[in-house]
Amino acid sequence: MSIVVFTDIDDTLIQTKRKCESGVEMAVTAIDKDAQPASFSSVEQLHFYNLCNDQRLIPVTGRNKEALDRVSLSFSTYKVIDHGAIILNEENEVEADWLQVLTQESSQWQEILDSYVEEVLSIIAEQQLSLRCRVISDFGFPCYISIKGEPTDLTKLEGVAERFCQQAGNARVHVNGNNMALLPPYACKKRAVEFLQKILIAHQSNLLFLGVGDSTSDLAFMSSCHFQVIPSVSQISQDKLL
């Protein structure tokens, strides 16, 4: 039986300096836009990555392609990026069948996403919040709205987030630390993972799927796998296990 590992990246395989344990040896595993160290991995995380990479390892991340390219860990097969909005094949092109789905579903959301960004920016200016907001686009498609900054300021946007979820049945909001993402229905990690599982099973039926993640928003795609793997320090362990 072959193993396929679907894994989140940030706060699972890597994390920012602020979240690193003091006194523990860490390796630089991601850089920022200025080529400065941005994220790090422990010896244990690197060993876990190497174990998974001996199998078929598929990242499932909120990062866009540009941000993923700044991660030094390599991924040579399919990639789920932009919170599930984009599925890349092994040639780093949008997977052909997914491209048809994405083209059809995303067309009606550009205007909606732009209007929410305009509203959030207005709130930020009026209340002088320490936040920044923009639409994240990738491969020419609007993927989701990214809002970053002070966690206490993010709570001021709860009304906006609630209304966004009412835009469509599968529209969602993801909050983790100083990040908030407003996700249209096609930006869904679980849907992307299940889409890839069907493709993989069509080529080889005898597969074991492992889902790895740290965030409560990862639980949805992890539940589509046979086993779930959770870092001991994570949002899931804090919110669901303790």
Note down the nm distance, to one decimal, between modelled labels 7 Å out along Cα→Cβ at SER115 and at GLU162.
-> 1.9
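Looking at the chain, do any whole DSSP H helices span at least 24 angstrom along their long axis by alpha carbon and average 1.0 or above on Kyte-Doolittle, and which?
Values: long enough: 110-127 (26 Å, 0.22).
Once both thresholds are applied, nothing remains.
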Per-residue HN-Hα couplings for region 3-10 [Karplus 6.51, -1.76, 1.60; θ = phi - 60°; Hz; x = Gly/Pro] | 10, 10, 10, 9, 10, 5, 10, 5
q = 0.10, 0.12, 0.14 Å⁻¹: log10 I(q)/I(0) that the Debye formula gives for the chain, counting C-alpha atoms only | -0.48, -0.70, -0.96
How many percent of Cα pairs in region 110-183 exceed 20 Å?
-> 22
Distance from region 1-78 to region 109-145 (C-alpha centre basis), Å | 27
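Where in region 147-223 are there trypsin sites (Lys or Arg not before Pro) that are in a DSSP coil and have at most 15 other Cβ atoms within 10 angstrom of their Cβ?
Working: sites: LYS148, LYS156, ARG163, ARG172, LYS189, LYS190, ARG191, LYS198; in loops: none.
In loop regions of region 147-223 (DSSP not H, G, I, E or B), there are no sparsely surrounded trypsin sites (Lys or Arg not before Pro).
Taken together, the values in this text are just the output of simple stated rules run on the coordinates, not laboratory data. For clarity, every value in this text was computed on a predicted model and none was experimentally measured. Quick reminder, even Gly has a Cβ in these numbers, built from the backbone with ideal geometry, and neighbours come from all protein chains shown.
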